[in-house]
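The values are calculated or read from the model by the stated rules, or taken from the named source; none is laboratory data. Values in this document were obtained by computation on a predicted structure and should not be read as measured data. As a convention, Cβ positions derive from the backbone with ideal geometry for all residues, glycine included, and neighbour counts pool all protein chains shown. Just so you know, the surface numbers come from the protein's heavy atoms only, side chains and all, with ligands and any DNA or RNA stripped out. Shrake-Rupley method; radii C 1.70, N 1.55, O 1.52, S 1.80 Å.
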Amino acid sequence: MVIHIDLVVDTVKKVFEEYQSYNEINSHIQIMSSDLTYICHYDPLLNEVVLDSGRGIDLPRDITLMQKTTCYDNTMAGLDRVGESEYLYSSPIIVEQETKYYLVCTSYHIHDSLTLIIVELLSKYISTRLETHIKLQDVHLKNDHMKQITETVSTGSLSVDKFGTIMFINEVGGEMLGVRAEEVLGQPISQVLDNQAFSLDVLEFGMPVINKDIIIKINKGQYHFRLSSVPLYDNSNEPIGVIFHFKDIRKEVEIIVNTKGFFNFDDIIYQCKEMESLIHLAKKAALQDSSILIEGESGTGKELIAQSIHNYSSRSNHPFIVIDCSAIPRNLVESELFGYEAGAFTGSHKGGMMGKFERANGGTVFLDEIGEMPLEIQSKLLRVIQSRSITRIGGHEPISLNIRIIAATNRNLAKEVSEGNFRNDLYYRLNVINLFVPALRDRKGDLPLLVYKLMEKTAKREKRVIPNLLGRVMKVLENYPWPGNIRELENTMERAVILAHGEIDYQHLPKRLLEIQNIHVSSTSVQSEPFVNQTPQKPKSVMEQQLIINALKESKGNKSKAAKKLGIARSTLYEKMYQYQLL
């Protein structure tokens, strides 16, 4: 280890300021490096430490200083004063078991016991001061470094000694636990946090606990953390304390999973009165906490409305959790929604798992395709809505929830209730505020706005110029029934923008749009208007029926594939087939 010269000089000065009595030696007391380079000396006449090698002790070049306090028998050449000889004394200054410097002085007396004692005491005291300063500086730098690290991460950190006394808590941890560092430092952790998870058991067992999900009650609220506890040991492997690292699971989930609503009411493009009325009612509903049921065909933008409601509400800074009731496997619905405790069933995570309702605490749960939820789960969802609490699978303690529920469906839920496929009590709990999103074909005047916005979106993403849309193409788009609604329109315009070079014409549209309107494009590509044979237009209902028939033929009767071709849900396809007597 390299010790800065200024530190050595400063230390020597402090030592002689404290022990003025050592000037009884009445001689220069000099500090030399291990290679005998002059550093500084104490001048008894000035009674201070000075840096002047010309006034210091001039050591013989051939001398070798001993690794212990020593008086040398030979007299110092050139230092005889009025016939009196001076003798050299030295003592090593040892730092971290290594001789770094020497303290030397001269005396007229050989092997003088008092001089030997003073020289040894001074060298040892300087050694101790230097070593203490270096260790304290090292500890300070490490502590400061660790503090800077813990204060710049999003994880809470808290450490206690082996008796459970809080020794450190970072700012993030204090905010999470609702405490201030200056108020809890030096306090027993058991008095600050009423939770057994922050225990000293890891010291007893000697094994850390990693990523354990815990619930802590703070200011009458429940908070969910993922906690790791690590035992700390000294150099002798003796336990000295525990450090706890903890994360707010809700914030962690927001990073890993999409739990934010990205869309706002300003993102919804419309000018028709139907949409204007819908947005007005949705904004009023957003300011309340009542449950909302959004109905409408597939692809009409029900989730867009739900996200806008969330972001317009007081819950906008909290999670927006989407639960697709049609996508969760039937045997996993309950564990996904309500979570489970450790060991609840074979294959469960070691520390258990939070359900989606817990993750949404403080925010909004969006139950998409609620009509697909199994009846046995519907009864449990009803209890959640009524009690505003859930109990994990394998658990016994209810967990309080503060959530807003928005449900959406493309089914006629009232009809599903009458047929016994949906609980009427759950239907009335969800349908406090009803919002109906109109189909695209019923939004008079909105289609041109949407077309150009979707063209702009694709062109921007693909980094290309927005192509020109021919007027006759717009007529085709306006006359098409759009069974897949905005989702189908978006796919259509994305395809057209990618395929077109300068302008969008018939050949850039999907065949189904042209065939349903009896438009036949010449196979010969021409720069001008291609030859078109167009018979009188059919009513939209007939066109939609024909579209479904064509999709079923192409899919050889496979309804799932036909629905995918049409850009609609399978349940919507069944409804339309029933409507057109195709079943």
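A few notes on this one:
- Taking every protein chain into account, the accessible area of segment 441-515 amounts to 49 square angstrom per residue (probe 1.4 Å).
- Gained length - GLU48 relative to SER228, 0.36 nm times residue gap less alpha-carbon distance: 59.2 nm
- Pairwise label distance in nanometres, LEU281 with SER190, each label 7 Å out on the Cα-Cβ vector: 5.9
- Separation in nanometres of the label points that stand 7 Å from Cα toward Cβ, at GLN386 and ILE117: 9.2
- Between TYR580 and LYS453, the C-beta separation translates, for a Förster distance of 30 Å, into a calculated FRET efficiency of about 0.45.
- Heavy-atom surface analysis with a 1.4 Å probe gives segment 5-140 a carbon and sulfur content of 49 percent of its accessible area.
- Using 0.36 nm per residue and subtracting the Cα-Cα separation, the extra length available between ILE215 and GLN288 on full extension is 23.5 nm.
- Estimated FRET transfer efficiency (THR75, SER236; beta-carbon r; R0 41 Å; 0.05): 0.25
- Solvent-accessible area per residue for segment 154-250 (1.4 angstrom probe, square angstrom): 57
- Overall size of segment 435-479 from C-alpha positions, given as principal axis extents largest first: 36, 28, 11 Å.
- The charge dipole of segment 5-140, taken about its Cα centre with unit charges on the Cβ atoms of Lys, Arg (+1), Asp and Glu (-1) only, comes to about 180 debye.
- Ordered by 1.4 Å accessible area with all protein chains kept, HIS508, HIS318 run largest first as HIS318, HIS508.
- FRET efficiency estimate (nearest 0.05) - Cβ-Cβ, ASN317 to ASP267, R0 22 angstrom: 0.75
- Span per principal axis, largest first, for the Cα atoms of segment 265-438 (Å): 55, 40, 25
- Pair GLU183, HIS109: separation of 7 Å Cα→Cβ label points (nm): 6.6
- Protein heavy-atom accessible surface, 1.4 Å probe, per residue over segment 5-140: 56 Å².
- When the Cα convex hull of segment 5-140 is projected onto planes of every orientation, the mean area is 8.2 nm².
- The Rg/Rh ratio for segment 441-515, using Cα coordinates for both the radius of gyration and the Kirkwood hydrodynamic radius, is 0.92.
- Extension gain (nm, one decimal) between GLN507 and ALA327, 0.36 nm per residue minus Cα-Cα: 61.2 nm
- Accessible carbon and sulfur surface of segment 441-515 relative to its total accessible area, %, 1.4 Å: 52
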